[in-house]
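Nothing in this text is a laboratory measurement; each read-out follows from the coordinates by a stated rule. All of these numbers come straight from a predicted model, not from anything done at the bench.
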């Protein structure tokens, strides 16, 4: 397992922006701070609006070979960029190991995002199980906690 010093991220992919908005609203109602939430999704006007409305700022545009242009914002993006800022080159499949996920998990998240899914992440080790439960309850597919050692 890769040594992870970036904290714990709970990650899932919602089928579209509508489901992602519902899930993010539920995470916020559950007391998870907006600063702990990240969104990565294919570039579109709707995706930009989702990020701006739910996280309060404009997203960063990143072009990857596996997914095409993405919009991303939040603490997960900073962790995936790494010291070499190589997220655009390596994509989700090559960088999710930095936050404790296996390579095959990265490929799954990358494939779902490339198909139009909205990847949502919460950076909160103490509330990882809560975030996981909310994500599952609101349709978050493949929800998982990276390198988590706690109990559910």
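Numbers for the structure displayed
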{"quantity": "Computed over the stretch 7-93: relative contact order in percent, which uses C-alpha pairs under 8 Å that are six or more apart", "calculated": "26"}
{"quantity": "222 nm mean residue ellipticity, helices alone, for the chain (DSSP H n ≥ 4; -39,500 (n - 2.57); rounded to 500)", "calculated": "-12000 deg cm²/dmol"}
{"quantity": "Inter-centroid distance (Cα atoms) of the stretch 1-73 relative to the stretch 102-152, Å", "calculated": "11"}
{"quantity": "Rel. contact order, % - alpha carbon contacts under 8 angstrom, at least six apart, the chain", "calculated": "42"}
{"quantity": "Whole-Å semi-axes of the chain's equivalent ellipsoid (Cα gyration tensor)", "calculated": "20, 19, 13"}
{"quantity": "Prolate/oblate/rounded label for the stretch 52-142 (Cα gyration tensor, a/c 1.5)", "calculated": "rounded"}
{"quantity": "Relative compactness, the stretch 101-152, computed as alpha-carbon Rg over 2.2 N^0.38 Å", "calculated": "1.15"}
